[in-house]
Amino acid sequence: MTRILCPLLVGLVVITSLAITLTRHQSRKLFVELQALEQRHDAMNDEWGRLQLEQATLGTHGRIEERARSALNMTMPSVTDVIIVTD
Amino acid sequence: MVRRLSFDGRRRFVVSAFVVGAALLVWRAVYLQLTETDVLQGHGADRYLRTVELPAHRGTITDRHNEPLAVSTPVSSVGVIPSKLTQVRGRWPALARALGISGQELSAFVQSRLERRFVLLRRHVPPELAEEVMRLDIDGVELRQEVHRYYPAGEVTAHCVGFTDIDDNGQEGIELAYDEHLRGVSGSKRVIQDLNGHVVENVESVRAPQPGRDLALSIDKRIQYVAYRELKAAVREHQARAGSMVVLDTQTGEVLAAVNQPSYNPNNRKQLRAGYFRNRALTDTFEPGSTIKPFTIASALESGAIGVKTMIDTGPGTLRVGRHTVRDLHDYGLLDATGIISKSSNVGITKIAISLEPGQLWGMLAGLGFGAATGSGFPGEAVGRLQHYAAWRTIDNATLGFGYGLSVTALQLASAYLAFANDGMVLPVSLTRLPERHTGRRVMSRSSAQTVRGMLEAAVRQGTGALARITGYRVAGKTGTVHKLARGGGYAEDRYVSLFAGMIPASQPRLIAVTMIDEPARGEHFGGQVAAPVFARVMRDATRLLDIPPDDIAPLLPQNEQFLTRVHTADLPPVIRP
């Protein structure tokens, strides 16, 4: 009985120890990958924030109004320019 | 004969000494391995493992259409390790030059912090500067990532949004009131570092950083901008000391715009006086004057003291109450309630007010929220003052009737006008976007509210508020011109607050606005001259922005018909010109 059991257990120990090393290695690798992805996520988030800011700064109402009036010569339509459609 | 020397004894002694020594070492090793593992491993880890803090983003503040009003973005701060920096004194001038400080300043800064491991030298530097400093490649100079808060709308929303300090803690306004909500929880992770403090490997995450939650305000940035532009222009034109304007959505009680003058740029707060930070629309109180008269009328209608057609003699334009004299600008003679409102007759309103039971008017005003917090939750919001009627004298009933002897904020006044706009119901006001409509609270009957709204319309159509008129819309509103309290007591003859409270479109109001101009100094000081035009200009744009259909299209139609006739007579194809 022990003659079969002993080598079997030894074999199992060898296999599990190898498996542990393997999973350890994999978990390290995955963690590094996760970190890299998180960093990318953060970088994209930062970029998005910056773009949002840029858009908001460029789209300031004061700036748009100024550009529309001076550069594009636009005016607010007066009451007489508006045509009202009624039924 | 050579004596054979026997070293057996010595050999045995040396060998046993080695054995004992080895046994001691083994025993020690086993002992340490078994009992002290944790401590020793910890000491070992200390040499290379570091816990690094991961900063969490503060939530974004947006307007009601998710336009950003306050955004956090990462910036670099320049830090130094004093112990390392002192070994490269030759590079100090270059560092000082790059940062734009003098050599002495840098030297003094480092010398006074020699015992510190790491100190931040210049915080929140522009990216180009950070790059330049790193290009110098000085031992002991490092960059640290921090976040900086930007306010893209700048001075337009400065008072509502508020600002944070350099460490991202809310200091004023919404940033302070909702600090808990916006603030993130920073996390940490363990890393392996080399001798120079560079991260070699990320080991594990201890705690993931939790970003703060976003917050949507009730503010509509477009209306806020229009209100800010017009208020600023008016305050400048009249050389006033200050000004405020509040715009409310009548259906939800949300604040669509709250602007003040003077304002400040929250992105650059150097050289600022504390008074510029105040959100005057919510924190500063004034006596509301004639803008209270509609509530007096409503109170009288509710109690049956007067009817719509009751005529009141306001001649000869003055009235003595106790030791005081109430005056009108002119002798208006016989007036009904509509006339009293549209002419803003103090004598007429006084006669009505003293005919009321003291508790009646007080109950109406208290029910409208005067003298109590609006519930906006804004830091430093004023509650105003409304004295309980038990302490009144006769004159108090009269003065209260035309808006003296109580003090209110612009927001309180706007929220009280909700009663006229919503057929007698008031709603709690809110500075944040509401997920659903609150249920209102009735403060006067539907018919009284509608009757008084008609009187307010008359005040704009043919009375003191004529400059608040907007072509195409029916406008209801009331002007107010209030003497400011003099420093030595009593009222100042030459210092005024100009007010206008109004709503549009009068047939079914969608917007309420209160404009307050403090001490106009260019001669004109009547609410109808100073504050009403601001209302008209802001509402003209606001109705267009919100697509509120005109409810008085008659003045708009003739041109339209002429144009159509022109098209027909010219026998052109029915194409509308661009």
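Descriptive notes on the structure:
- Residue check for B:ALA158: away from every other protein chain (no Cβ under 12 Å) and surrounded by 19 or more Cβ atoms within 10 Å (Cβ to Cβ): yes
- A:ALA43 within 30 Å of B:HIS148 (Cα to Cα), more than 9 Å from every other protein chain (Cβ to nearest Cβ) and in a helix (DSSP H, G or I): yes
- Residue list for the range B:385-416, restricted to those being within 19 Å of the chain's Cα centre (by Cα) and under 22 Å from B:TYR496 (Cα atoms): B:VAL408, B:THR409, B:ALA410, B:LEU411, B:GLN412, B:LEU413, B:ALA414
- Checking each residue in the range B:192-249 for being part of a loop (DSSP other than H, G, I, E, B) and within 14 Å of chain A (Cβ to nearest Cβ) picks out B:ALA208, B:PRO209, B:PRO211, B:GLY212, B:ASP214, B:ILE219, B:ASP220.
- Residues that are within 26 Å of B:TYR151 (Cβ to Cβ), polar (S, T, N, Q) and assigned to a helix (DSSP H, G or I), drawn from the range A:46-87: A:GLN52, A:GLN55, A:THR57, A:SER70
- Checking each residue in the range B:188-229 for being more than 19 Å from B:ALA158 (Cα to Cα), of a type in the set (Gly, Ala, Ser) and buried (at least 17 other Cβ atoms within 10 Å of the Cβ) picks out only B:GLY212.
- Residue in the range B:261-283 that is away from chain A (no Cβ under 12 Å) and under 19 Å from B:THR479 (Cα atoms) present: yes
- Residue that is nearest to B:PHE420 (Cα to Cα), among those in the range B:456-470 that are part of a helix (DSSP H, G or I) and in contact with a strand residue (DSSP E or B) (Cβ under 8 Å, 6 or more places away or on another chain): B:LEU456
- In the condition set (1) surrounded by fewer than 17 Cβ atoms within 10 Å (Cβ to Cβ); (2) touching a helix residue (DSSP H, G or I) at 6+ places or on another chain (Cβ under 7 Å); (3) at pLDDT 90 or above, B:SER447 is compliant with all but (2).
So that you can scan it fast, the table gives a plain yes or no per residue for (1) assigned to a loop (DSSP other than H, G, I, E, B); (2) among the basic types (Lys, Arg); (3) more than 22 Å from A:THR75 (Cα to Cα); (4) modelled with pLDDT under 85:
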| residue | (1), (2), (3), (4) |
| --- | --- |
| B:ARG540 | no, yes, no, no |
| B:THR543 | no, no, no, no |
| B:ASP551 | yes, no, yes, no |
| B:PRO555 | no, no, no, yes |
| B:PHE563 | no, no, no, yes |
| B:ARG566 | no, yes, yes, yes |
| B:ILE576 | yes, no, no, yes |
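- In the range B:328-373, the residues that are assigned to a helix (DSSP H, G or I) and either among the polar types (S, T, N, Q) or at positive phi (or both): B:THR338, B:SER342, B:ASN346, B:THR350, B:GLN360
- Only residues that are buried (at least 21 other Cβ atoms within 10 Å of the Cβ), over 21 Å from the mean Cα position of the chain (by Cα) and hydroxyl-bearing (Ser, Thr, Tyr) were counted across the range B:56-107, and they come to 1.
- Answer residue from the range B:314-332, given it is among the aliphatic types (A, V, I, L, M) and within 11 Å of B:SER345 (Cβ to Cβ) and is surrounded by the most Cβ atoms within 10 Å (Cβ to Cβ) among those: B:VAL326
- Here B:ALA45 meets each of (1) more than 53 Å from the chain's Cα centre (by Cα); (2) surrounded by 10 or more Cβ atoms within 10 Å (Cβ to Cβ) with one exception, condition (1).
- In the range B:232-241, residue nearest to B:GLU519 (Cα to Cα) [restricted to those that are crowded, with 19+ Cβ neighbours inside 10 Å and in contact with an Asp or Glu (Cβ under 7 Å, 6 or more places away or on another chain)]: B:ALA240
- Close pairs from the range A:47-74: first more than 9 Å from chain B (Cβ to nearest Cβ), partner part of a loop (DSSP other than H, G, I, E, B) and of a type in the set (Lys, Arg), Cβ under 8 Å, at least 6 apart: none
- From the list B:THR464, B:THR439, B:THR432, the lone residue that is surrounded by fewer than 24 Cβ atoms within 10 Å (Cβ to Cβ), of a type in the set (Ser, Thr, Tyr) and touching a residue at least 60 places away in the same chain (Cβ under 8 Å) is B:THR432.
- Filtering B:ASP63, B:ASP38 for residues that are acidic (Asp, Glu) and within 14 Å of chain A (Cβ to nearest Cβ) leaves a single hit, B:ASP63.
The values are calculated or read from the model by the stated rules, or taken from the named source; none is laboratory data. On a predicted model such as this, the values are computed, not experimentally measured, just so you know. Here the Cβ is made from the backbone with ideal geometry for all residues, glycine too, and neighbour counts use every protein chain on show.
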